[in-house]
Amino acid sequence: MATDASLSEDSPDTGPVQPTTVQFTEVQASAEFAELRRAHRSFAFPLTIAFVVWYLLYVLLSNYAGGFMGTKVYSNINVAFVFGLAQFATTFLIAWLYSRHAAAKLDPKAEAIKSRMEADA
């Protein structure tokens, strides 16, 4: 059984000082944070919408276009199977693209905000 170790009142707090609620609110209202949100949303929202449309197309075709989805592409592989595999490929592609986008655009801005908040606290 694990126990929670509490800090004794004698031991110094070695962790970073936490910003106050007021500081968080000020940062949230800043232009820099608005730019960070815009950079995230301008990437995430369009790709989310595109993926949902792509997925719904797959589902609708599976339900209402059985003849098309059953079309053989090669041997026992049909269009439905290819579309299903493409769903997985699309998922991994979006995850890879997002990780590149976050590393290039989001992480530096977030790190700058975090560093400034920790310095001010």
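The values are calculated or read from the model by the stated rules, or taken from the named source; none is laboratory data. All values reported here derive from a predicted model rather than from experimental measurement. All Cβ positions, even for glycine, are placed from backbone atoms using ideal geometry, and neighbour counts span all protein chains on display. Heads up: the accessible areas ignore ligands, DNA and RNA and are worked out on the full protein's heavy atoms, side chains in. Shrake-Rupley method; radii C 1.70, N 1.55, O 1.52, S 1.80 Å.
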(request) May I ask for the net charge around residue 107, where only other residues with Cβ less than 13 Å from the Cβ of residue 107 are counted and Lys, Arg are +1 while Asp, Glu are -1? (result) +3
(request) Hey, can you find the accessible area per residue of the chain for me, probe 1.4 Å, expressed in square angstrom? (result) 77 Å²
(request) Mark the label point 7 Å from the Cα of residue 49 along Cα→Cβ and return the residues of region 99-114 whose backbone N is within less than 15 Å of it. (result) none
(request) Restricting things to alpha carbons, tell me how big the chain is in terms of Rg and Dmax, in Å. (result) 24.0, 75
(request) Give me the distance in nm between label points sitting 7 Å out from Cα along the Cα-to-Cβ direction at residue 23 and residue 41, one decimal. (result) 2.6 nm
(message) Compute the angle between helix 31-64 and the longest alpha-carbon principal axis of the chain, please, reported from 0 to 90 degrees and rounded to the nearest 10.
(response) 20 degrees
(message) Modelling each spin label as a point 7 Å along the Cα-to-Cβ direction, I'd like the residue 68/residue 30 distance in nm, to one decimal.
(response) 5.0 nm
